[in-house]
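Engineer: To start, I am sharing the structure in question, which I have written as structure tokens.
Rule-based calculations on the coordinates, nothing more; no lab input. Quick caveat: nothing in here was measured; it's all calculated off a predicted structure. Here the Cβ is made from the backbone with ideal geometry for all residues, glycine too, and neighbour counts use every protein chain on show.
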Amino acid sequence: MLNIVLFGPPGAGKGTQSERLIERYGLIHLSTGDIFRYHLKNETELGKLAQTFMDQGHLVPDEVTINMLKDEVLKQSDPKGFIFDGFPRTNPQAHALDTLLKELNTSITVMLGLEVEEEELKARLTNRAISSGRADDADPEIIANRIAVYNRETAPVKEFYAAQDKYMAIDGIGTIDSITERLYSAIDSRK
Ligand code: ADP
């Protein structure tokens, strides 16, 4: 299996690039943000629980997120691999993912980190608010909070994969196509 973690701060372009990678490599795209938004829209219990955290730009608690992700992975029959987008976002999530994949006799192939500086991220998210209608994109204070949460809780997850020699940094500035090409070459060098 080819299992990719697409990593990077809010607004780095993970969703956009995931679309292209799933097509080329035949992978299943699991975006925890998208799954939470699906639950929000359908007003499920999980959606109601997640909403308070998401609206503030906080992380949904690990236990909730991990159980949801596990269900999504185990639902797939004979997958060729996964792109994890927005997960793992904490060290406990990274450990849980390792354990889950081990049970399936597989592991993470590579973590690709899209690197974009903070000013550019803020500009992208503010722009995205116009088309996405996402409450957490519309408010500069909540954007700042998400970036702070990223720096504090999520950025360290990189070290977890770097220690296994699985982290690759990808320059996330440039045209969408040029970034896709960088990701393709990185993946092809690890397959
Ligand atoms: P972003 O564009 O900020 O990266 P996402 O669409 O990935 O946003 O996620 C939106 C929100 O969903 C996050 O701010 C957080 O509240 C929640 N969320 C998504 N993934 C996770 C996760 N792995 N752990 C905890 N909360 C998550």
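Engineer: Indicate, rounded to the nearest 5 percent, the antiparallel portion of the DSSP beta bridges found entirely in the chain.
Structural biologist: The antiparallel fraction comes to roughly 0 percent.
Engineer: Could you give the length gained by full extension between residue 144 and residue 189, i.e. 0.36 nm per residue of separation minus their alpha carbon distance, to one decimal place?
Structural biologist: Gain on extension, residue 144 to residue 189, equals 12.7 nm.
Engineer: Over the chain, what is the mean sequence separation of C-alpha contacts under 8 Å (at least six apart), divided by residue count, expressed as relative contact order in percent?
Structural biologist: 33 percent
Engineer: Greater than 21 Å separation of Cα atoms is the criterion. Which listed pairs, 80/102; 41/122; 14/158; 48/70; 80/166, meet it?
Structural biologist: Checking Cα-Cα distances, 41/122 exceed 21 Å.
Engineer: Here's something else I'd like to know. Show me, bin by bin at 10 Å from 0, the whole-percent P(r) of the range 35-108 based on Cα pairs.
Structural biologist: 17, 50, 27, 5
Engineer: Separate question: For labels at residue 103 and residue 165 in the simple 7 Å Cα→Cβ model, what's the distance in nm?
Structural biologist: Label at residue 103, label at residue 165, 2.9 nm between them.
Engineer: Could you put 171, 165 in order, starting from the residue whose Cβ has the fewest other Cβ atoms within 10 Å?
Structural biologist: Sorted ascending by nearby Cβ count, the order is 165, 171.
Engineer: At 7 Å along Cα-to-Cβ for each site, give me the label-to-label distance between residue 58 and residue 80 in nm.
Structural biologist: Rounded to a tenth, the inter-label distance reads 4.1 nm.
Engineer: What number do you get for the chain when its Cα radius of gyration is normalised by 2.2 N^0.38 Å, N = residues?
Structural biologist: 0.98
Engineer: Another question, then. Rank 149, 116, 64 by mean-square fluctuation in a GNM of the chain with C-alpha springs under 10 angstrom and give only the top-ranked residue.
Structural biologist: Judging by the Gaussian network model, the answer is 64.
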